[in-house]
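Written below as structure tokens is the structure these notes are about.
The values are calculated or read from the model by the stated rules, or taken from the named source; none is laboratory data. Keep in mind that what you see is a predicted model, and the values were worked out from it rather than measured. Virtual Cβ from ideal backbone geometry, glycine too; neighbours counted across all protein chains shown.
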Amino acid sequence: MAIITLTSDFGLKDPYVAVLKGGIYSELENATIVDISHLVSPFNIHEGAYILKTSYKKFPKGSIHIIGIDDEQTPEQKHIVAAYDGHYFIGADNGILSLIAPAENFEQVIAISLPDKDLCATDVFVKAACHIARGGRLELLGRQVGGVKEVKDLTPILNAKEDLITGNVIYIDNYGNVITNITKNWFDLIRKGRNFEISVRNYKFSKIYNRYSESINFTIPKETRDEDGKRLALFNELGYLELAIYKSNLQTVGGASSLLGLRYRDTVFINFK
């Protein structure tokens with residue numbers, strides 16, 4: 001049976017996640033449910049898209065992904081199920097799917113229309129997910145529509161001289177690591193072997209590491225290493241430029257977001273020389 005994943009802004013204090021899971025188990029007693037995250041900032045589809053885009057590919061083809069972020073149906077926002085890359089995505093047509101993949105790449109998009117018009121979003125998503133998990137056809141859930149709603153994402157800008165990239169912070173993780181919208185592929189294409197300097201506020205980075213620990217010199221005794229507060233840049237698993245603090249902890253030593261004073265949408269520059 002297909003895996004059903006859950007990504008939402010429901011939080012962990014309230015009963016909303018339990019209601020969602022209980023609905024699935026009531027329909028499919030032996031369902032396999034995986035929580036991706038329920039701590040997405042309220043209504044933040046950009047944050048939710050980054051989390052889901054990073055994780056969905058790790059699940060087997062045929063997996064079903066319920067997205068409970070800004071999920072209320074309105075006259076401007078219908079409930080949909082969309083097929084892409086061998087996966088199924090269920091949620092509100094609020095633009096989040098266009099942040100996960102180009103809108104034109106979705107193979108099938110169905111506006112969900114169930115007999116009971118008074119169902120809340122959670123119930124609609126549960127019934128759609130369980131229908132697909134049983135092997136049901138998407139067309140039986142509603143009518144085919146032209147595609148998913150598109151919203152503009154933050155995109156990096158290259159100046160006319162091609163010696164300056166201006167990017168933005170698009171996500172801050174649990175460690176306070178700052179993820180930007182500058183990808184490794186684009187960086188390599190623009191760089192052309194030149195030296196570079198990454199600038200954020202009053203901080204500079206002139207080296208990009210392959211992993212966090214590469215920034216530490218393990219050949220010298222631990223007590224004499226300069227580890228605490230070590231700032232570093234690297235490209236993360238998804239290929240995005242990340243600014244981090246080695247072994248950061250937002251509750252104690254702080255993270256890149258707090259120590260560098262960076263927030264969502266803040267600007268990051270890369271100068272090539």
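Side notes on the structure shown:
- Scanning region 240-267 for residues that are closer than 19 Å to residue 215 by Cβ and within 19 Å of the chain's Cα centre (by Cα) yields 240, 241, 242, 243, 244, 256, 257, 262.
- Any hit, region 144-156, residues being of a type in the set (Gly, Ala, Ser) and either without any contact (Cβ under 8 Å) to a residue 12 or more places away in the chain or closer than 30 Å to residue 251 by Cα (or both): no
- Test: residue in region 90-99 that is touching a His at 6+ places or on another chain (Cβ under 7 Å) and within 21 Å of residue 171 (Cα to Cα): yes
- For region 155-162, the criterion of a residue being within 19 Å of the chain's Cα centre (by Cα) and either outside the structural domain of residue 266 (by TED's automatic domain parsing) or not charged (D, E, K, R) (or both) is satisfied by at least one position.
- Output for region 221-260, where each listed residue is touching a residue at least 60 places away in the same chain (Cβ under 8 Å), more than 19 Å from residue 196 (Cα to Cα) and not in a loop (DSSP other than H, G, I, E, B): 245, 249, 254, 256, 257, 258, 259
- Selection from region 128-141 of residues that are surrounded by fewer than 19 Cβ atoms within 10 Å (Cβ to Cβ) and either in a helix (DSSP H, G or I) or not assigned by TED's automatic domain parsing to the domain that holds residue 79 (or both): 139, 140
- Residues in region 80-133 that are under 16 Å from residue 147 (Cβ atoms), touching a Lys or Arg at 6+ places or on another chain (Cβ under 8 Å) and hydroxyl-bearing (Ser, Thr, Tyr): 1 in all.
- Against the test of being touching a residue at least 24 places away in the same chain (Cβ under 8 Å) and either in contact with a helix residue (DSSP H, G or I) (Cβ under 8 Å, 6 or more places away or on another chain) or not assigned by TED's automatic domain parsing to the domain that holds residue 164 (or both), the options 201, 191, 263 yield a single qualifying residue, 263.
- Here the condition is being part of a helix (DSSP H, G or I) and surrounded by fewer than 20 Cβ atoms within 10 Å (Cβ to Cβ); of 116, 123, it holds for 123 alone.
- Residue among 62, 86 that is farther than 25 Å from residue 12 by Cβ, touching a residue at least 40 places away in the same chain (Cβ under 8 Å) and out of contact with any strand residue (DSSP E or B) (no Cβ under 7 Å at 6 or more places or on another chain): 62
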